[in-house]
1. Restricting to the range 188-210, give me the number of residues that are among the hydroxyl-bearing types (Ser, Thr, Tyr), under 21 Å from the mean Cα position of the chain (by Cα) and more than 8 Å from GLY228 (Cβ to Cβ).
2. When the range 189-214 is examined, which residues are found to be modelled with pLDDT of 95 or more, closer than 28 Å to ASP375 by Cβ and touching a Lys or Arg at 6+ places or on another chain (Cβ under 8 Å)?
3. Residues in the range 23-37: is at least one within 15 Å of ALA141 (Cα to Cα) and modelled with pLDDT of 95 or more?
4. I'd like the residue in the range 166-194 that is touching a residue at least 12 places away in the same chain (Cβ under 8 Å) and assigned to a loop (DSSP other than H, G, I, E, B) and, out of all such residues, is surrounded by the fewest Cβ atoms within 10 Å (Cβ to Cβ).
5. Kindly evaluate LEU287 against the criterion of being touching a residue at least 60 places away in the same chain (Cβ under 8 Å), assigned to a helix (DSSP H, G or I) and surrounded by fewer than 22 Cβ atoms within 10 Å (Cβ to Cβ).
6. Criterion first (at pLDDT 95 or above and either assigned to a loop (DSSP other than H, G, I, E, B) or farther than 23 Å from LEU11 by Cα (or both)) does ASP86 satisfy it?
7. Among ASP311, ASP273, which is the only one that is modelled with pLDDT of 95 or more, within 30 Å of ARG211 (Cα to Cα) and charged (D, E, K, R)?
8. Given the conditions (1) of a type in the set (Gly, Ala, Ser); (2) surrounded by fewer than 24 Cβ atoms within 10 Å (Cβ to Cβ); (3) at pLDDT 95 or above, which single one is not true for ALA331?
Amino acid sequence: MSGGAVAVTGLGLVTAAGIGVQDSWKGVCGGRSTAARTPVLEGMPVDIACSVPAYDPNDLLGRRSTMKYDRFVQFALIAAIEAVADSGLDPRAWDGARVGVVLGCGMGGLRSYDEQHRRMRESGPEGVSPLLIPLMIPNMASGHLGMWFGARGPNFVTATACASGATALGSALDLLRRDVCDVVIAGGTEAGILPLVATGFARMGALSTRRLDDPERASRPFDTDRDGFVMGEGAGILVLERAEHARARGARVRAGLAGYGASADAHHATAPDPEGRGVALAVTAALADAGVAPDEVDHVNAHGTSTPLNDAAEAASIRRLLGDAPVVTSAKGVVGHTLGAAGAIEAALTVLAIEERTVPPTANLTAPDPAIEIDIVRDQPRTHHSRVAVSNSFGFGGQNAVLVFTEGA
């Protein structure tokens with residue numbers, strides 16, 4: 001039985017394609033990878049990544065922001081400020097007790113941890129910032145958003161690896177349906193482009209290594225020549241409201257979040273179940289929650305990591321569960337794999353695809369894998385009316401989170 005859709009009334013994005021929804025959407029629709037050699041990774045086995053363009057946090061978030069906020073919190077705040085403004089809500093006027101914050105984050109403030117560990121090695125304990133713990137712990141992303149906007153409702157962070165952002169949105173959906181909140185600021189954030197993290201992914205064989213001399217061609221979801229993902233960073237924030245609340249204030253509804261399903265593969269720490277049994281459970285649950293049939297799905301924003309196993313297993317699941325009718329895309333060819341933020345960034349892109357009636361292309365898909373029998377957009381954006389869209393997110397540990405968006409709420 002469907003619990004009813006909630007309204008998406010605001011979007012905010014920080015990605016390697018740009019800071020803000022407009023620049024990020026333009027970049028993703030342009031279909032050109034943002035991957036490049038990254039100075040912070042110099043000398044590492046893999047030294048390419050999709051990094052957020054340079055910005056001044058003190059200008060965007062106020063004086064001494066670099067001291068108060070780790071990079072992952074900065075991303076969340078910048079995206080949330082845009083999303084709340086886009087929603088038309090005024091935090092000075094809302095009932096903060098009815099406003100929640102739920103964010104996904106897989107790693108937390110690793111940049112601060114890395115910097116403070118270096119200081120301790122060089123200068124001893126006295127060199128470590130007294131702000132280390134609040135800079136580092138993952139829940140500070142949601143905590144700082146609550147402080148910034150005066151949101152005093154439920155406030156927490158979900159950690160389901162690369163499904164974290166989607167899990168956060170599913171949790172927010174539940175809070176709104178249960179009438180715990182009128183508004184939830186929800187999404188995901190991650191800033192993990194660091195030598196140790198990149199080396200860890202490289203050592204396990206997850207990163208693309210075939211084109212280190214040609215970074216733009218490295219991330220190639222669903223392509224025959226794919227060999228791993230490219231690390232990314234950023235944040236995606238959606239303002240979600242009870243549909244009645246949005247209608248009462250005359251809000252513009254960008255789309256509806258109608259369903260959520262979650263499951264575990266219970267198969268392997270890092271590899272997907274090749275039979276896709278966990279994915280099937282999550283997709284089936286999300287569709288049932290939304291009250292829609294598989295043949296009603298027009299569009300799938302795929303997890304599409306550019307890894308050999310994930311892309312094959314996901315494509316087979318899409319084909320088996322939804323047929324060959326949905327138009328499929330993956331944004332990771334452009335913005336890289338943003339880890340805990342991916343599910344939220346891709347959810348925002350799914351909303352834009354519905355609203356703009358446009359599905360962005362999958363970057364670097366020059367030789368589609370012949371074993372993959374789904375309709376993947378390539379080369380240029382495709383005009384497409386998506387009434388029902390699915391956004392897939394999967395993570396290490398066998399975590400699966402699937403969201404269903406609809407035209408209107």
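The values are calculated or read from the model by the stated rules, or taken from the named source; none is laboratory data. Remember, it's a predicted structure, so these values are computed and weren't measured experimentally. Neighbour counts run over all protein chains shown; Cβ positions are idealised from the backbone, glycine included.
1. Total meeting the criteria: 1.
2. SER208
3. No - not one qualifying residue is present in the range 23-37.
4. ASP179
5. It is false that LEU287 is touching a residue at least 60 places away in the same chain (Cβ under 8 Å), assigned to a helix (DSSP H, G or I) and surrounded by fewer than 22 Cβ atoms within 10 Å (Cβ to Cβ).
6. No.
7. After applying the criteria, what remains is ASP311.
8. So ALA331 meets the others, but not (2).
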